[in-house]
Every structure is written in C-alpha cells, then in structure tokens.
Amino acid sequence: MSILDWHENDRPREKLLKFGAHSLTDAELLAIFLRVGVQGKSAVELAQDLLDHFGSLHNLLTANQTTFCKAKGLGSAKFAQLSAVLEMSRRHFESGLQQLDAFTSPELVARFLEHQIGHHHRERFGVLFLNQQHQLIEYQTLFEGTINQASVHPREIAEAALNTHAAAVILAHNHPSGDPSPSEADIHLTKQIHNALDLFDIRTLDHIILGDTGRWSSLAQLGKMPD
C-alpha cells in the first residue's frame with residue numbers, strides 16, 4: 001500500500017505537521033528525509049530497513065560517505081543532503097550557545113559538542129573559548145590523536161585562549177570507547193591546563209567528556225575540577 005493510501009494521521013509528513021516532529025519514530029523521520037521508497041517498499045519501510053542495516057539512527061547519520069552510499073536507496077546526493085542538514089544543526093547549536101550562558105547549561109554544551117567531536121572514531125580534543133559572561137566566543141578542535149590517546153599541549157591551549165581574548169574555557173574530548181567516565185589521566189591533564197591558564201587569569205570552568213549514544217560526563221558536576 002502506498003503512503004498516500006494511509007490515514008493522514010499515519011503519514012509521516014502530515015503527522016509531523018499536526019503533532020510535531022517529536023511524535024515521529026526514527027523510521028518516520030528518516031522517511032521524510034528519503035522522500036520516496038524503492039520498488040515494492042514505501043519510504044517508511046525503506047527507512048526501517050536502513051535503520052536495521054546500520055543498527056541505529058546514530059550509526060546511519062555518522063557513517064562515512066563510502067559506507068553510506070553503498071546502502072540501498074541512498075547515494076552521493078543523499079549524503080550531501082544529510083551532511084548539509086547536520087551542518088545546519090551544528091551551527092544552530094553554536095548560535096544558541098552564543099546567546100546563552102554556556103556554563104550554566106552543560107547539557108546544551110554537551111549537545112553542541114556531540115555535533116563537533118562526539119561521532120568521531122579517533123580521539124579529538126576541543127576547547128570552547130568564553131567571554132566574561134561565559135558566552136561562546138569560538139570553538140576550536142585543537143588536537144587529534146590515535147583511537148586511544150590524544151597528545152594535548154597546555155601551551156597551545158593558552159596561546160589559543162589569548163588569541164581569542166577568552167576570559168574562560170571549557171575543555172572537551174571524546175572517548176571512542178563509548179564510556180564517558182573520566183580517567184585519572186583526564187583529571188591530571190585538566191589540572192595541567194588549569195595551571196597553565198591560571199597564569200594568564202583565564203578560568204577553566206569544566207571538562208566535558210563525550211561517550212557514545214549521547215552519554216557524557218562533566219568534571220565540574222562530578223566535583224573533579226581543580227580548585
């Protein structure tokens with residue numbers, strides 16, 4: 001049966017307009033992105049097949065171009081379209097941080113960072129540079145290492161903070177293993193960076209670690225930030 005033959009409350013696009021995007025399943029949201037199905041399958045059925053193939057919506061959205069384009073019903077045009085959607089989403093969160101007090105909303109910071117470094121399979125270390133009101137001046141990914149370890153230099157973070165005229169920073173990195181729990185090495189590195197920035201009266205407010213499936217941890221919330 002074609003989607004056009006479904007009751008309007010069951011059609012993904014009409015359902016979204018009537019009840020909001022939050023009311024849709026992953027397959028229904030993906031079906032709106034796909035727009036059409038393939039022979040013998042509706043867009044929703046194709047979307048569910050793709051979710052089953054990739055294992056999750058997250059895996060589909062973070063797949064590289066080669067893997068993405070090999071899947072039935074997808075291709076380079078869809079990959080370009082999806083990349084544009086994800087980039088718009090990233091910029092949306094960045095503009096939101098520029099208007100809000102970033103330090104009082106670690107959840108928003110973590111959501112923003114998920115778009116920056118959360119989906120990478122190699123470890124990446126980034127810094128949010130903040131003004132006196134703790135609003136975002138700029139975000140930079142400064143270091144990238146092997147899948148197990150990144151080589152981070154406090155001196156370079158201090159130089160970047162001075163160049164952006166930051167009054168405070170929030171540190172961030174991802175754990176490709178999926179577990180966002182801070183290691184002793186993470187805590188020690190945070191202290192090193194804190195001490196380096198303290199020489200220039202730049203505050204280190206937090207260190208957020210990203211895991212998989214939206215999990216994250218905050219050293220400030222855990223009480224593990226240097227005094």
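Some notes on this structure:
- Alpha-carbon centroid distance for the pair the range 175-191 / the range 201-227, whole angstrom: 9 Å
- Model label zone, E144; criterion: amide N under 19 Å from point 7 Å along Cα-to-beta-carbon; scope the range 172-200: 172-178
- Option label - Rg/Rh (Cα atoms, Kirkwood Rh) computed here, alternatives (i) 1.01; (ii) 1.06; (iii) 0.94: (ii)
- Ranking by accessible area, most exposed first, for D227, D179 with a 1.4 Å probe: D227, D179
- Per residue, the accessible area of the range 177-227 comes to 54 Å², computed with a 1.4 Å probe over protein heavy atoms only.
- Accessible area of the chain belonging to carbon and sulfur atoms, whole % at 1.4 Å probe: 50 percent
- Estimated 222 nm signal from helices in the chain, with DSSP H stretches of n ≥ 4 weighted -39500 (n - 2.57), rounded to 500: -13000 deg cm²/dmol
- The range 30-130 - accessible surface per residue (Å², probe 1.4 Å): 52 Å²
- Rg(Cα) / (2.2 N^0.38 Å) computed for the range 144-227, rounded to two decimals: 1.07
- Taking amide H positions as modeled 1.01 Å from N, with prolines and chain starts lacking one, the residues under 5 Å from A167 and 5 or more places away or on another chain are L130, N131, Q132.
- Cα-based Lys pair tally, the chain, threshold under 24 Å, eight or more apart or on separate chains: 7
The values are calculated or read from the model by the stated rules, or taken from the named source; none is laboratory data. It should be emphasised that the depicted structure is a prediction, and the values quoted were computed from it without experimental measurement. With ideal geometry, Cβ positions are generated from the backbone for all residues, glycine too; neighbour counts draw on all protein chains shown. Ligands, DNA and RNA are stripped out before the accessible areas are found, and what is left, the full protein with its side chains, is counted by its heavy atoms. Shrake-Rupley method; radii C 1.70, N 1.55, O 1.52, S 1.80 Å.
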